[in-house]
1. Note down all Cβ pairs under 6 Å where the first residue falls in region 118-130 and is over 13 Å from residue 234 (Cα atoms), the second is basic (Lys, Arg), and they're at least six residues apart or on different chains.
2. Could you list, in sequence order, the residues of region 16-38 that are at pLDDT below 95 and under 22 Å from residue 55 (Cα atoms)?
3. Under the condition of being out of contact with any helix residue (DSSP H, G or I) (no Cβ under 6 Å at 6 or more places or on another chain) and closer than 30 Å to residue 154 by Cβ, which residue from region 46-64 is surrounded by the fewest Cβ atoms within 10 Å (Cβ to Cβ)?
4. Kindly indicate whether any position in region 85-102 is under 24 Å from residue 220 (Cα atoms), among the acidic types (Asp, Glu) and over 17 Å from the mean Cα position of the chain (by Cα).
5. I'm checking my understanding of the structure. Among residues of region 75-89 that are of a type in the set (S, T, N, Q) and open to solvent by 30 Å² or more (accessible area, probe 1.4 Å), which one is nearest to residue 57 (Cα to Cα)?
6. Within region 19-40, identify whether any single residue is open to solvent by less than 50 Å² (accessible area, probe 1.4 Å), closer than 29 Å to residue 159 by Cα and part of a helix (DSSP H, G or I), and answer yes or no.
7. Quick one: residue 79 ticks every box in (1) without any contact (Cβ under 8 Å) to a residue 60 or more places away in the chain; (2) closer than 23 Å to residue 31 by Cα; (3) out of contact with any Leu (no Cβ under 7 Å at 6 or more places or on another chain) bar one, so which box is it?
8. Here are some residues: 66, 62, 101. Which one is at pLDDT below 95 and closer than 18 Å to residue 230 by Cβ?
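The values are calculated or read from the model by the stated rules, or taken from the named source; none is laboratory data. The shown structure was predicted, so the numbers you read here are calculated from the model rather than taken from an experiment. Every residue, glycine as well, gets a Cβ built from its backbone with ideal geometry; the counts of neighbours run over all protein chains shown. Heavy atoms of the whole protein, side chains included, go into the accessibility calculation; ligands, DNA and RNA do not. Shrake-Rupley method; radii C 1.70, N 1.55, O 1.52, S 1.80 Å.
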Amino acid sequence: MMRIIIIGAGGRMGSAIAQGIQETKDMEVIYGVEKEGHFAVGSPFGKNFIVDKLEKVIREGDVVVDFSEREAVLSNREILIQGGKPYLCGVTGFREEELKDLKEMGRYIPFLYSPNFSFGANLLIRSVGEIARFLPEDYEIKIIETHHKMKKDAPSGTAKRLVTEVEEKKGEKVEVFSLRAGEIVGEHRVIFFGPGEVLEITHSALSRKAFVRGVIEGIRFIINQARGFYTFDDIIKKV
């Protein structure tokens, strides 16, 4: 039985992951972690409850799953390294230099990072790069991403990955439009405008179940890896 610790346990994604793990036969949530003073600290969670310090419980887990906030990830970096557990992170909003530093954690522990744990969204990222590579130069490319009003970072981490993928293949800047409204889980539209035609590819997350499935597959993947930095592409190659 794989024992899972979830950082960001009091959030919507943390709760959804815990519920998804409950429905598996080979995993169990043993603790949640939240920041000090959070209303959920001390609440029942998985087999135990939510604590306010990762270092209190990290030794008891097999894998640490993190859907907290940028600041929490940065402050927990050394604790994660010292704990030595495989680490799966889906937090976004990092500056470029911060993400570069975080990738160095792969020198010490198995570290799986993705701004989006949906299979569909990751296949979208791979597809748009190939489309951009074959399109004539006079095609314009725009990205529109929409998320719920509580999402803090904009553009989303997925939109940034789409931009990188397109710009590397096409060699020109891509404009991103970000909308924050209502309770939309997540939608990414990539639109290619050409002479006399428009090609649009859209991925819509209808519920957090799309991400939870990817997280569960990610746990099964990262628990068996040697130390190193991994992405969702490594999961897709295994499926």
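1. Sorted first by the residue in region 118-130, then by its partner, the pairs are 125/161; 129/169.
2. Of everything in region 16-38, those that are at pLDDT below 95 and under 22 Å from residue 55 (Cα atoms) turn out to be 35, 36, 37, 38.
3. Within region 46-64, the match that is surrounded by the fewest Cβ atoms within 10 Å (Cβ to Cβ) is 52.
4. no
5. 82
6. Yes, the conditions are met somewhere in region 19-40.
7. Of (1) without any contact (Cβ under 8 Å) to a residue 60 or more places away in the chain; (2) closer than 23 Å to residue 31 by Cα; (3) out of contact with any Leu (no Cβ under 7 Å at 6 or more places or on another chain), only one is false for residue 79: (3).
8. Of the residues listed, the single one that is at pLDDT below 95 and closer than 18 Å to residue 230 by Cβ is 101.
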